[in-house]
Structures are given as structure tokens and as C-alpha cells.
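Written out below as C-alpha cells is the structure these notes cover.
The values are calculated or read from the model by the stated rules, or taken from the named source; none is laboratory data. Note that the structure is predicted; figures quoted are calculated from it, not measured. Cβ placement follows ideal geometry from the backbone for every residue including glycine, while neighbour counts extend to all protein chains displayed. Only protein heavy atoms, including side chains, enter the accessible area calculation; ligands, DNA and RNA are left aside. Shrake-Rupley method; radii C 1.70, N 1.55, O 1.52, S 1.80 Å.
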Amino acid sequence: MSENQGKKARRDEARERARAAREKAQARRRRNRTLTISGIIVGGLAVVSAIVLVIANSVAPAGPGPRNMASDGILLHGVSGKIEAVRTAAIPEGGKPTATKQDDSVANITLYTDYMCPYCNQFETAQMAQIKQWVEDGSATLELHPFNLLDSSSLGSKYSTRSAAAAACVANSDPDDFLAFNSSLYENQPSEGTRGLTNDKLVSLAKAAGATSPTVADCITSQKFAGWVADATNRVLNDKLPNSSLDKLTGTPTVIVNGKQYTGSLTDTDAFAAFVLQNGGKA
């Protein structure tokens with residue numbers, strides 16, 4: 001091979017190496033562009049999915065309510081001298097409450113209450129002993145409706161919701177222990193402007209009241225019925241109260257006997273007994 005032929009061969013070889021390097025670089029750039037576009041698409045889909053999930057969660061129904069509270073309240077009556085809860089199915093997901101069918105031959109006492117309300121506690125402390133006696137002897141029924149009017153009074157902990165949801169857990173699993181738990185919540189009522197009792201303390205009070213079903217503790221700590229509490233509160237603040245002439249609830253406690261609202265002293269047992277006697281059948 002001549003010297004000129006050797007130089008030409010080396011030039012051709014250099015050109016081939018350069019061409020191969022260019023093609024390799026171009027292939028690498030195409031691959032990087034593809035990966036970048038794919039990443040953008042996947043990332044965009046993830047953002048869209050997250051937005052859809054947030055929207056879905058914001059409009060999804062709160063889920064079914066507790067058993068034995070088909071009216072948004074729990075109905076208690078006397079059976080052989082003992083107070084028992086009337087069993088009902090739960091409000092289905094997306095469903096509405098069913099008003100209690102009342103027997104006008106007895107005193108139908110309906111109480112709307114917030115477990116952080118000090119005035120509700122006054123009524124509970126003064127009047128519940130004689131109400132229990134009326135229910136035990138069959139001359140009255142008691143329907144309790146907890147709700148969350150005072151959530152803003154617990155430093156962001158939403159104690160009214162948490163305590164009402166805890167009561168719903170007891171109604172759902174141990175309904176005959178509801179009244180004892182209801183009284184315990186008032187006996188241990190926190191002051192307005194505090195964070196209220198912890199969920200663990202609510203679990204402890206429920207157990208002490210007799211609600212020992214294994215599902216109660218998890219129900220309370222997970223706040224299973226918080227959504228139902230919000231729905232029930234919205235209903236009483238905006239809709240006509242069943243079995244009454246009230247267009248909506250305007251304060252706590254609201255006490256109704258056979259359709260008529262009691263507006264007398266919360267702590268005067270004689271005044272309340274007279275009102276029940278006047279409006280409530282055999283009681």
C-alpha cells in the first residue's frame with residue numbers, strides 16, 4: 001500500500017468513527033426526549049388523579065350512620081322496669097333519617113344536646129333522674145339527639161363532633177349503655193374554650209359506662225361517625241324538627257314534649273314536671 005493510500009484509509013476510518021459517534025449522540029438525545037415527555041405525561045396523570053381523588057372525597061357521602069339512630073337520635077323506653085334502646089337500622093349511605101312514630105298516651109321527651117354545652121349539663125344534672133324514673137315506669141320515652149353546635153369552642157379539637165361521634169359508636173354497638181355514657185359525658189364535661197377530652201379518655205368513659213363491645217374503641221378513635229354528626233347537625237339547623245312545630249333548632253338544649261318546646265327553667269324540676277304533666281299523657 002502506498003503512503004497516499006494509507007492516509008486515505010486513515011481518513012476514512014476517522015470519518016466512520018465520527019459518523020458513529022454522531023449517530024450515538026443523536027440516539028441518546030432522542031431517548032432522553034422520550035423519557036422526559038413520558039415523565040411529564042406520567043406526572044400530569046398523577047396530578048390529575050390526585051385532583052380527581054380530592055374532588056371525589058370532597059363530594060362523597062359521609063357514609064352510613066350508626067345503628068339504632070334511624071331518626072338521628074336514639075329512642076329509649078322502659079321494659080320491665082329497665083331502660084332499653086329501641087333497635088333500628090342505620091341510615092343508609094346517602095339516605096335520610098326516619099322520624100320516630102310517637103305514642104301520644106305517654107310523654108315523648110325529645111332532647112337535642114351538645115356535650116360541651118354547659119346549659120345542657122344543667123338540664124341533665126337537674127332533670128335526668130326524674131326523666132329516668134318516668135321512662136322506667138313506662139310513662140315516658142326519651143329520645144336523645146347529640147350534635148356539634150359548639151365545635152368552635154374547643155380550640156380546634158372539634159370536641160362537640162368527637163363526643164357526639166363517640167356517643168354514636170356506643171349507640172351502634174352497645175345501645176343499652178347509651179344513657180349511662182351520655183350521663184358520664186356530662187359528669188366529665190370540659191369547659192368551653194378548652195380542647196376537651198381526648199379520644200382515649202372517651203374510650204375509657206365508654207368502657208366504664210358498660211360499652212365493652214370490641215368495636216367501640218376503634219370506632220371512637222377513628223371517628224367513624226364524624227361525617228354522620230356533621231350531616232345530623234346540618235339537618236337540625238336547617239330542617240323542621242320532626243314531631244314538633246319548630247322550623248329548626250336555634251339553641252341548646254332544645255327540649256320537646258309531645259311536640260311542644262319546654263322554655264322554662266332548666267334546673268327547676270317542679271316546673272319541668274308540671275310541663276310534662278300538662279303535655280305528656282300519663283306522666
ask   = Of the residues that make up region 223-241, is at least one touching a Pro at 6+ places or on another chain (Cβ under 9 Å) and aromatic (Phe, Trp, Tyr)?
value = yes
message = Residue under question is THR110, and the condition is that it be touching a residue at least 60 places away in the same chain (Cβ under 8 Å) and of a type outside the set (Lys, Arg); does it hold?
response = yes
query = In this structure, is LYS207 modelled with pLDDT of 95 or more, open to solvent by 50 Å² or more (accessible area, probe 1.4 Å) and part of a helix (DSSP H, G or I)?
reply = yes
